[in-house]
1. Full-extension gain between residue 10 and residue 58, please, as 0.36 nm times their residue separation minus the C-alpha to C-alpha distance.
2. Which ordering of 52, 15 is given by a fewest-first count of other beta-carbon atoms within 10 Å?
3. Under the definition of Cα pairs under 8 Å and six or more residues apart, what whole-number percent is the relative contact order of the range 3-71?
4. When averaged across all projection directions, what area in nm² does the alpha-carbon convex hull of the chain cover?
5. Please order 10, 18, 4 by the number of other Cβ within 10 Å, starting at the fewest.
């Protein structure tokens, strides 16, 4: 396990991005907590989010896909 996937900065805040949202390179998609460090994961391509592949607060592995993005 590399870390824990979070869709928002805190439980009270809205998710960074959801299905149907447009993204561009550099947009924050989620946070991965690893060893008490919170790392923002940014989009590498522009497009529209088609599917979120991981449940909130779930463990994730290195190179695991987190989102499906339809490039534009």
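1. 15.8 nm
2. So the ranking, lowest neighbour count to highest, is 15, 52.
3. On the way: 141 pairs, mean separation 23.7, N = 69.
Relative contact order, the range 3-71: 34 percent.
4. Mean projected area of the Cα convex hull: 4.5 nm².
5. 10, 18, 4
Every number in this text was worked out from the coordinates using simple rules, so none of it is lab data. Bear in mind that the values here come from a model prediction, so they are computed numbers and not experimental data. FYI the Cβ positions are ideal-geometry reconstructions off the backbone, even for glycines, and counts take in every protein chain you see.
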